[in-house]
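S.K.: Supplied in structure tokens, the structure appears directly below.
The values are calculated or read from the model by the stated rules, or taken from the named source; none is laboratory data. Source: prediction; values computed, not measured. So basically every Cβ, Gly included, is an ideal-geometry build from the backbone, and we count neighbours across all protein chains shown.
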Amino acid sequence: MEDVKVLVGNRIKYLRKKSNLTQYTLAEKIGFDRTYLAGVESGKRNVSILNIQKIAKVLKCTIADFFDSDEFKINTPNEFAKTVDKVAFYRRLK
């Protein structure tokens, strides 16, 4: 499975291009620096869920629509088990 930062970056890039926006224009509309957005799109920078919400709003989609892509679906029982283990681990940290 690809790194989630790469998956999120690819999704942002796809939706941005589908909306006919440049990195500069999208970054300007959400108040980000273009280099930050470029880093997010390339999977080199982490992006918070709050920033994903801002991006989705400008791209005229919901958070659910943003993550409604085959890349984000869990395809194998092992991936599902790993995800359940991670959730259980983080719940114990609370």
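S.K.: Would you mind telling me which numbered condition in (1) in contact with a helix residue (DSSP H, G or I) (Cβ under 8 Å, 6 or more places away or on another chain); (2) under 18 Å from Phe66 (Cβ atoms) Ser48 fails?
M.R.: Result: Ser48 passes all but (1).
S.K.: Next question, about the same structure. Of the numbered conditions (1) touching a residue at least 40 places away in the same chain (Cβ under 8 Å); (2) on the phi < 0 side of the Ramachandran plot; (3) in a loop (DSSP other than H, G, I, E, B), Phe32 fails exactly one; give the number of that condition.
M.R.: Among (1) touching a residue at least 40 places away in the same chain (Cβ under 8 Å); (2) on the phi < 0 side of the Ramachandran plot; (3) in a loop (DSSP other than H, G, I, E, B), the lone unmet condition for Phe32 is (1).
S.K.: So which residues in region 1-25 are at pLDDT 95 or above, in a loop (DSSP other than H, G, I, E, B) and within 16 Å of Arg45 (Cβ to Cβ), if there are any at all?
M.R.: Scanning region 1-25 gives no hits.
S.K.: Test each condition in (1) assigned to a loop (DSSP other than H, G, I, E, B); (2) at pLDDT 95 or above for Asn46 and report the one that comes out false.
M.R.: Here Asn46 clears every test but (2).
Listed here are the residues, each with its yes/no results for (1) among the β-branched types (Val, Ile, Thr); (2) outside any helix (DSSP H, G or I); (3) surrounded by 13 or more Cβ atoms within 10 Å (Cβ to Cβ); (4) modelled with pLDDT under 95.
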| position | (1), (2), (3), (4) |
| --- | --- |
| Leu37 | no, no, yes, no |
| Lys57 | no, no, yes, no |
| Ala64 | no, no, no, yes |
| Glu71 | no, no, yes, yes |
| Asn78 | no, no, no, yes |
| Val84 | yes, no, no, yes |
| Arg91 | no, no, no, yes |
